[in-house]
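Single-structure report; data block below.
Any read-out appearing in this document is the output of simple, stated calculations on the displayed coordinates, not a laboratory observation. Predicted, not measured: the structure shown is a model, and the values here were computed from it. So basically every Cβ, Gly included, is an ideal-geometry build from the backbone, and we count neighbours across all protein chains shown.
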Amino acid sequence: MTTIAFLGTGIMGFPMARNLADAGLTVRAWNRTPEKAQPLGEHGVAVVASPAEAAEGADVLVTMLADTDAVSAAVQDVRGVPVWAQMSTVGLKGTERLTALAAERDMAYVDAPVLGTKQPAEQAQLVVIASGPPDVRPQVDRIFAVVGRETRWLGDAPGAATRLKVVLNHWILSLTEAIGETIAFSRAVGVDPALALETIEGGTMDTPYLQMKGKAILEEALDPAFPLPLAVKDSDLVLEAAEEAGIDLPLIEVARRQFARALELGHGDKDMAATYFATSASATAGS
């Protein structure tokens, strides 16, 4: 029986921990805001008061927290867990920092960010991108198979998975900004944005993501599947990786600015598609 210490039960971590427990794995969960984790008890998860308590006697540590600092802080008092599956999105420098922390703790480090947001996490349909030591893969593969529909192993060294993740984040963040901007532009020139979505639907210009996020904006159904503040954070991680690679990424620079502008306008409790309001506000200001 595998015992999992699961640190971080937010929008993504909560359903992941629940699905692991429902699959018959032993899960001890910790969250910085304890009350958010408490309902996991109904699924047989032991909700504990500290990361160290979660980790005591655990076979695998799983972290699903907002950023590198949050992950590092949570793991400071963790000792004795042989394998660490780090599933948060922390970027290249963050991965280097956490890999070093794992080495200090004598833990095998698996770099395993995920693709997907709230609904795929709830439905166990995440895509896990992983890189790490081959000898621990059987242990973590069992976990990944529960929380996701697919696992892509990219190599033995931590960092390979995160490199792919920042590339894919560049795409999805840029696309999200483009969707919000297009809907705001449509309204500014007197075109019903629903008509624009309908005209594209089913053609080569269409994507399921466009229809999903576009309709969410039109219906003002912006409860966070992926929170706007994390879109700012992930944009920063893409730009950090681009700087290391010596390449300019103008699209993501604009997207980052718009995500931050939407935050300034008071939409920090909404989904990242709330970037729409950054362009919409500029149209109002210009009218």
Kindly write out, for the stretch 45-61 in residue order, the coupling ³J(HN,Hα) from the Karplus curve 6.51 cos²θ - 1.76 cosθ + 1.60 (θ = phi - 60°), rounded to whole Hz, with x marking Gly and Pro. 7, 7, 8, 10, 8, 8, x, 4, 5, 4, 7, 4, x, 6, 8, 9, 9
Name the residues of the stretch 92-133 whose amide N is less than 11 Å from a point 7 angstrom out from the Cα of Asp156 along the C-beta direction? 132-133
Gain upon complete extension [Ala188, Ala245; 0.36 nm per residue less C-alpha separation]: 16.7 nm
Scattering from the C-alpha atoms of the stretch 119-214 alone, worked out with Debye: what is log10 I(q)/I(0) at q = 0.12 1/Å? -0.57
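Kirkwood Rh and Cα-based Rg: tell me the resulting Rg over Rh for the stretch 120-173, rounded to two decimals. Walk me through the numbers on the way to the answer.
Working: Rg = 11.7 Å, Rh = 11.7 Å.
A ratio of 1.00.
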Which of the residue pairs Lys36/Lys93; Lys36/Lys215; Lys118/Lys215; Lys215/Lys270; Lys36/Lys213 have a Cα-Cα distance greater than 22 Å in the structure shown? Lys36/Lys93; Lys36/Lys215; Lys36/Lys213
Skipping prolines and chain starts, which residues have an amide H placed within reach, meaning under 5 Å, of the one on Ala225, given they are 5 or more residues away or on another chain? Asp271, Met272
Average projection area in nm² (convex hull over Cα atoms of the stretch 135-270, one quarter of hull surface): 10.7 nm²
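What is the magnitude of the charge dipole of the chain about its Cα centre, with +1 placed on the Cβ of each Lys and Arg, -1 on the Cβ of each Asp and Glu, and no other charges, expressed in debye to the nearest 20? Intermediate values should be presented prior to the final figure.
Numbers: 23 positive and 37 negative charges, 40 e Å.
So the dipole magnitude of the chain works out to roughly 200 debye.
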³J(HN,Hα), Karplus 6.51/-1.76/1.60, whole Hz, each residue of the stretch 135-151, x for Gly, Pro: 6, 9, 4, x, 5, 7, 4, 4, 5, 4, 5, 7, 8, x, 8, 7, 10
Between Gly155 and residues 5 or more places away or on another chain, the pairs with built amide H atoms under 5 Å apart involve Gly132
Give me the percent of DSSP beta bridges within the stretch 3-156 that run antiparallel, rounded to the nearest 5. 10 percent
The alpha-carbon center of the stretch 234-287 and that of the stretch 107-122 are separated, in whole Å, by 24 Å
Each label point is 7 Å from the Cα along the Cα-to-Cβ direction; what then is the distance between the points at Leu265 and Leu168, in nm? 2.9 nm
Tell me which residues come under 5 Å, amide H to amide H, from Thr26 once H is placed; ignore anything under 5 positions away on its chain. Thr2, Ile4
For q = 0.10, 0.15, 0.20 Å⁻¹, what log10 I(q)/I(0) does the stretch 3-156 give under the Debye formula with an equal point scatterer on each alpha carbon and no solvent? -0.28, -0.67, -1.31
Folded to 0 to 90 degrees: helix 228-245 orientation relative to the chain principal axis, Cα: 80 degrees
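Can you tell me which of 131-140, 55-64, 233-242 comes out highest on packing, and rank the rest after it, using the mean Cβ neighbours within 10 Å? Mind dumping the intermediate values first?
Values: 131-140: 17.1, 55-64: 22.4, 233-242: 20.6.
Peptide ranking by packing, descending: 55-64, 233-242, 131-140.
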Any idea which of Ala29, Leu265, Pro229 is furthest toward the positive side of the dipole for the chain, if Lys and Arg beta-carbons carry +1 and Asp and Glu beta-carbons -1? Ala29
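For Ala178 and Ala73 in the same chain, what is the full-extension length gain: residue separation times 0.36 nm, less their Cα-Cα distance, in nm?
Numbers: separation 105, 0.36 × 105 = 37.80 nm, distance 3.52 nm.
Extra length from Ala178 to Ala73 when fully extended: 34.3 nm.
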Correct option for P(r) over Cα pairs in 10 Å bins from 0, in percent [calculated from the coordinates] among (1) 6, 24, 27, 19, 11, 5, 4, 2, 1, 0; (2) 6, 25, 33, 20, 7, 4, 3, 2, 1, 0; (3) 7, 28, 33, 21, 10, 2, 0: (3)
